[in-house]
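Heads up: the structure comes next, in structure tokens.
What follows is calculated from the coordinates using simple rules that are stated; it is not laboratory data. Small disclaimer: the values here were computed from a predicted structure and weren't measured. Because the Cβ atoms are built from the backbone with ideal geometry, glycine has one as well, and the counts that use them run over all protein chains shown.
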Amino acid sequence: MTEENKRRNIAEELERAEECLKEAEALHEKGLETGAVSRLYYHVFHLVRALLLSKALEPKTHEETARLLSMYFIKPGVLDTGVSHFFTKLMKYREEADYNPSYVFTGDDYRQFRVEAERLRDTIQQYLTKSGF
């Protein structure tokens, strides 16, 4: 991956993350919390992919994304362990939202996850800025 490709791919992931956040907010405003939680996960997923791309890492699955996040950013102490915990928690909730029709999310659930997602977004954006992206 060339440096130019890396920058372009990171920018595309960040754009996709913001698109997913807009979708999550629109669903939340309509009271569709299950869909909002799912789209919020994808917001975070694309943020994490942008982070991984800064090290030229291109995971192929959601699980690999979580594993690489831990391996390259959490274990070395670059980011706090809370980042990984939140990502894996939201990944689990996305699976519940998408595949378990009896699992119910509330507006409060979504708002709590949204606050955590904002913190994560800020952390990742700070890291990318400091790294020259």
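For the pair segment 58-119 and segment 37-57, the centres of their Cα atoms are 10 angstrom apart. Could you run the Debye sum over the Cα atoms of segment 3-130, one equal point scatterer each and no solvent, and tell me log10 of I(q)/I(0) at q = 0.09, 0.13, 0.22, 0.23 Å⁻¹, two decimals? For the requested q values the scattering log ratios are -0.24, -0.50, -1.31, -1.40. Counting neighbouring Cβ atoms within 10 Å and putting the fewest first, the residues Tyr99, Tyr42 line up as Tyr99, Tyr42. Per residue of the chain, the DSSP helices (runs of n ≥ 4 H) give a summed -39500 (n - 2.57) that works out to -25500 deg cm²/dmol at 222 nm. For the residues Leu32, Leu47, Leu90, a GNM of the chain with alpha-carbon springs under 10 Å puts the largest fluctuation on Leu32.
In percent, rounded to a whole number, the relative contact order of the chain is 30, using alpha-carbon pairs under 8 Å and six or more apart.
Order of 123-130, 65-72 by packing, highest average Cβ count within 10 Å first?
65-72, 123-130
Within the chain, which DSSP H helices have Cα atoms that stretch 15 Å or more along the helix axis and a mean Kyte-Doolittle hydropathy of at least -1.0? Counting only whole DSSP H runs, the qualifying helices are 33-53, 81-99.
Under 28 Å of direct C-alpha separation, and excluding same-chain neighbours fewer than eight residues apart, Lys22 reaches these lysines: Lys6, Lys30, Lys55, Lys60, Lys89, Lys92, Lys130.
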